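All remarks here apply to the structure that follows.
The values are calculated or read from the model by the stated rules, or taken from the named source; none is laboratory data. Computed from a predicted model, the values in this text were never measured in an experiment. Cβ atoms come from the backbone with ideal geometry, glycine included; neighbour counts cover every protein chain shown.
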Amino acid sequence: MTQPNDAVAGKQYGLRPGAEDFPLMVVISIIYPCNFGCPMCPYTDGNSELRQFYHAHDGDLIPVRLWEKMADECGEYGAWMRCTGGGEPMLHPKMVEMAEYAKAKGARIWMNTNGSMFGPMPAYRMKLERILKAGIDLIEFSMDAGDPDTYAIVRPPHRGAPRDPQQWWSNHVGNVRAALAMRKEFRTTNRIVVSMIRQDIMEGKMDAAVKFWMEEVGVDEVITRKFLSWDDNTTIQLGHALDPHLYKRIPTEKNEPCVWPFERLNVDTLGRVALCGQDISFKTAPLFPNVNDASLKEIWQGERFNWYRKLHLDGKGAEAWPCRGCSAWLAGIRDWEHGWLKVLKTSGDHVKEVMKKDLGVDVEIYQPHHDVPLAKW
């Protein structure tokens, strides 16, 4: 039995508490087609051929049966199902019903979305209402800007620039505001957050954008993510990063283990499993059983995942493929302190504060205990 590693700067590493038997989060590719054409998205045509691959292999959408199979397992452990992928999850014709099913089974849901399918048309607002009433735990609106002109560049429609940038911006800001208003009306505790990528176009704009979303709109948290190129999975260049110093001298070795295989597992629309979120092409999928044929639990506890964990805990992660070529891990972006668990803490605290201030009610909201000692394995 391998013990947690405490050899790196006095810190202890190992499986996250609660991940001994099952991942804390299953990151799921819901869909690959998208109605946006974001220039720095790894799935946008020209940046990769991933959408063409999945279309050719009948993998545009996750099958409902596969989703329900994973929801049954995740519900048993109260694990998170993160709805993401190469396209807009709410374009999946059964996404609302799938979310309702998973919540009824006891799973927790984090949805990444561009927000376009939540309004302003009444039919779209109804989708938002059902998602919130189902008890979705967190909606992350990927906005990447705090003003209409920048938004039109970084988040354009699939076919090109918006005809009216101001209206394009207003519609999508309005959808975020609608989610906050509905939460208040329904007295639900859904976390509503916004995310922005730290890309070069945001130079001199980031602070104002964060202030806009937090103070003018009133979201629960603004996630500012480091810029990624996804390495050999795309043609995106790291020179577009707002923090170019991170990538100037990327080391070839690293003692600190990557956090990913100690808390999360990735599944695509075909049921394939990847070692981590950097492997968006699922090149590591042949190393693992397919979720259509095996349980998430047995894959998580399997020999291959344990082999990678041991290598990382021994300070030899850079000897393994694909870890040795991972700019995100080697540059320190995939770290143990500034991830999704921290977002849950800060956004959850804000929800409780807002519900008390606006409605005069004390609410209970799930908060992870990620500061307890790491599990042995």
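Of everything in region 282-319 that's small (Gly, Ala, Ser) and in contact with a Cys (Cβ under 9 Å, 6 or more places away or on another chain), which residue is nearest to Pro257 (Cα to Cα)?
Ranking the qualifying residues of region 282-319, first place goes to Gly317.
Looking at region 270-297, which of the residues that are under 15 Å from Arg65 (Cα atoms) and hydrophobic (A, V, I, L, M, F, W, C) is farthest from the chain's Cα centre (by Cα)?
Step one: of region 270-297, the residues under 15 Å from Arg65 (Cα atoms) are 270-272, 290-296.
Those still in the list that are hydrophobic (A, V, I, L, M, F, W, C) too: 270, 291, 294, 296.
Numbers: Leu270: 19, Val291: 20, Ala294: 24, Leu296: 18 Å.
The selected residue is Ala294.
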Report whether or not Glu216 is surrounded by fewer than 16 Cβ atoms within 10 Å (Cβ to Cβ) and either acidic (Asp, Glu) or assigned to a loop (DSSP other than H, G, I, E, B) (or both). yes
Taking Asn175 as meeting all but one of (1) assigned to a helix (DSSP H, G or I); (2) surrounded by fewer than 19 Cβ atoms within 10 Å (Cβ to Cβ); (3) of a type outside the set (A, V, I, L, M, F, W, C), write down the number of the exception. (2)
What are the residues in region 190-209 that are surrounded by 19 or more Cβ atoms within 10 Å (Cβ to Cβ) and under 15 Å from Glu221 (Cα atoms), if any? Asn190, Arg191, Ile192, Val193, Val194, Met196, Ile197, Ala209
Residues being among the aliphatic types (A, V, I, L, M) and buried (at least 17 other Cβ atoms within 10 Å of the Cβ) - total across region 284-296: 3
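Could you please let me know if Ser170 is within 22 Å of the chain's Cα centre (by Cα) and hydroxyl-bearing (Ser, Thr, Tyr)?
Numbers: within 22 Å of the chain's Cα centre (by Cα): no; hydroxyl-bearing (Ser, Thr, Tyr): yes.
Taking the combined requirement at face value, the residue does not satisfy it.
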Filtering region 302-337 down to residues that are surrounded by 15 or more Cβ atoms within 10 Å (Cβ to Cβ) and over 22 Å from Lys283 (Cβ atoms), which residue is farthest from the chain's Cα centre (by Cα)? Gly315
All but one of (1) within 29 Å of Lys342 (Cα to Cα); (2) at pLDDT below 95; (3) not small (Gly, Ala, Ser) hold for Glu185; which doesn't? (2)
Considering region 345-370, residues that are modelled with pLDDT of 95 or more and of a type in the set (S, T, N, Q), and then whichever is nearest to Val194 (Cα to Cα), we arrive at Ser347
If we scan region 94-115, do we find a residue that is without any contact (Cβ under 8 Å) to a residue 60 or more places away in the chain, more than 28 Å from Lys226 (Cα to Cα), touching a His at 6+ places or on another chain (Cβ under 9 Å) and not hydrophobic (A, V, I, L, M, F, W, C)? no
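To keep it simple, each residue is scored yes or no on (1) closer than 25 Å to Ala102 by Cβ; (2) touching a helix residue (DSSP H, G or I) at 6+ places or on another chain (Cβ under 6 Å).
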site	(1), (2)
Cys34	yes, no
Gly37	no, no
Cys41	no, no
Asn47	no, no
Ile62	yes, no
Leu66	yes, no
Tyr77	yes, no
Met81	yes, yes
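Which of the residues belonging to region 118-131 are surrounded by 21 or more Cβ atoms within 10 Å (Cβ to Cβ) and assigned to a helix (DSSP H, G or I)?
Step one: of region 118-131, the residues surrounded by 21 or more Cβ atoms within 10 Å (Cβ to Cβ) are 118-119, 128, 131.
Matches in region 118-131: Phe118, Leu128, Ile131.
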Neighbours by Cβ (under 6 Å, 6+ apart or cross-chain): first from region 133-150, on the phi < 0 side of the Ramachandran plot and modelled with pLDDT of 95 or more; second crowded, with 20+ Cβ neighbours inside 10 Å and assigned to a loop (DSSP other than H, G, I, E, B): Ile136/Asn190; Phe141/Gly115; Ser142/Asn114
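If I filter region 164-172 for residues that are in a loop (DSSP other than H, G, I, E, B) and touching a helix residue (DSSP H, G or I) at 6+ places or on another chain (Cβ under 8 Å), do I get at least one hit?
The initial filter retains those residues of region 164-172 that are in a loop (DSSP other than H, G, I, E, B), namely 164.
Right, trim to touching a helix residue (DSSP H, G or I) at 6+ places or on another chain (Cβ under 8 Å) and you get none.
No.
Being of a type in the set (Ser, Thr, Tyr) and either surrounded by fewer than 23 Cβ atoms within 10 Å (Cβ to Cβ) or not in a loop (DSSP other than H, G, I, E, B) (or both) is the filter here; which residues of region 251-283 pass it?
Thr252, Ser281
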